[in-house]
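The values are calculated or read from the model by the stated rules, or taken from the named source; none is laboratory data. Keep in mind the model is a prediction, meaning the values are calculated, not measured. Reconstructed Cβ throughout: ideal geometry from the backbone, glycine too, with neighbour counts over all protein chains shown.
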C-alpha cells in the first residue's frame with residue numbers, strides 16, 4: 001500500500017479563475033501566478049493516483065487569508081473525501097492569522113477530516129513566537145483528538161524559490177518543543193532538522209512525536225537523503241509526501257530506488273509509517 005501524505009486540491013472556481021485571488025492573497029500569488037503552476041481537482045487526483053499506484057492520498061487546500069475562501073476550500077476537501085472515501089483522507093487547512101481559525105478547524109474535524117495542514121507561515125519573519133502562540137487552540141484540538149498537524153518548513157540555506165519562507169531551524173525546533181505532546185509532521189524534510197538527532201542531549205526527546213515528509217525532495221535534495229534521514233530520524237519517522245501536483249510520484253520512486261533502501265525500510269517509507277500515523281489499516285501486499 002502506498003500512502004501519499006502531502007497533496008493539494010483546488011475547487012474548479014479557483015482553478016479557472018486564479019487571477020481573481022492574486023491581489024488579496026500574496027502567498028497564493030507567489031506560488032500560483034505562474035500559469036505553469038498546476039492545480040488539480042479530486043477527479044484528476046484519483047486518475048493520477050491510479051496511474052502512479054498510490055492507494056491513499058491525504059489532501060488539503062491552502063492557508064487563505066480570506067476566511068470565506070478558506071471555508072469554501074475546506075468544504076471542497078470535505079466533499080472530495082466524501083466522494084472518494086476509500087482513496088482520499090482530508091486535512092483542514094487554515095491561516096493561523098485569520099480570525100476564528102480555530103473555529104474553522106473545529107468545524108472541519110467534527111465533519112470528519114483527520115488532521116490539520118498544511119499550516120504555512122509565509123509572512124516575513126517565518127515561524128515567529130507570535131505564530132507559535134497563535135496556533136495553541138489548534139494544537140490543543142488535535143492533541144485532544146490525537147490527530148496530526150502538518151507544517152510547511154524548508155531549509156534556511158541554499159537557493160531561493162517561490163514558497164521558500166523565512167523560517168530558521170531554531171524556529172522549527174521551538175515550534176515542536178512548544179508542543180511536545182502533539183503529533184507533528186514537518187514537510188519538506190523539516191528543513192534538515194532531523195540531522196540534530198545526532199546531538200547527545202535533548203533533541204531526540206523533543207523530536208519524539210515528530211515525523212518528516214519527503215515533499216519536493218526531487219527539486220531539493222540528493223537521493224541519498226532517504227537513507228540518511230531514515231538512519232538519523234529513525235525508519236519509523238519518515239513519511240512519503242509528493243506535494244502533488246508539483247511533482248508526480250514516479251520521480252520519487254526513481255530516487256528512492258537510487259537511495260538503495262532495504263525492502264523493509266522502503267515499505268515503511270511508502271506506506272506503513274503513514275498508516276500508523278493516520279491510524280488506518282496497512283495492506284502491504286499492494287506495495
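Quickly run through region 144-158 and pick out the residues that are out of contact with any strand residue (DSSP E or B) (no Cβ under 9 Å at 6 or more places or on another chain) and closer than 19 Å to residue 181 by Cα. Correct list: 144, 145, 146.
The residues of region 233-252 that are surrounded by fewer than 16 Cβ atoms within 10 Å (Cβ to Cβ) and assigned to a helix (DSSP H, G or I), listed by number, are 236, 250, 251.
Being part of a helix (DSSP H, G or I), at pLDDT 95 or above and either exposed (fewer than 12 other Cβ atoms within 10 Å of the Cβ) or on the phi > 0 side of the Ramachandran plot (or both) is the filter here, so list the residues in region 255-285 that pass it. First the steps, then the outcome.
First pass over region 255-285, keeping only residues part of a helix (DSSP H, G or I): 255-259, 263-278, 284-285.
If we keep only those that are at pLDDT 95 or above too, we end up with 255-259, 263-278.
263, 264, listed by residue number.
Quick one: is residue 229 in contact with a helix residue (DSSP H, G or I) (Cβ under 6 Å, 6 or more places away or on another chain), buried (at least 17 other Cβ atoms within 10 Å of the Cβ) and more than 24 Å from residue 279 (Cα to Cα)? No; evaluated as a whole, the condition is false for this residue.
Here residue 68 qualifies as over 30 Å from residue 281 (Cα atoms), loosely packed, with under 14 Cβ neighbours inside 10 Å and at pLDDT 95 or above.
Can you tell me which residue in region 3-18 is surrounded by the fewest Cβ atoms within 10 Å (Cβ to Cβ), limited to those that are in contact (Cβ under 8 Å) with a residue 40 or more places away in the chain and over 16 Å from the mean Cα position of the chain (by Cα)? Of everything passing the filter in region 3-18, 11 is surrounded by the fewest Cβ atoms within 10 Å (Cβ to Cβ). Scanning region 115-142 for residues that are farther than 22 Å from residue 279 by Cα and buried (at least 23 other Cβ atoms within 10 Å of the Cβ) yields 120, 121, 127, 135.
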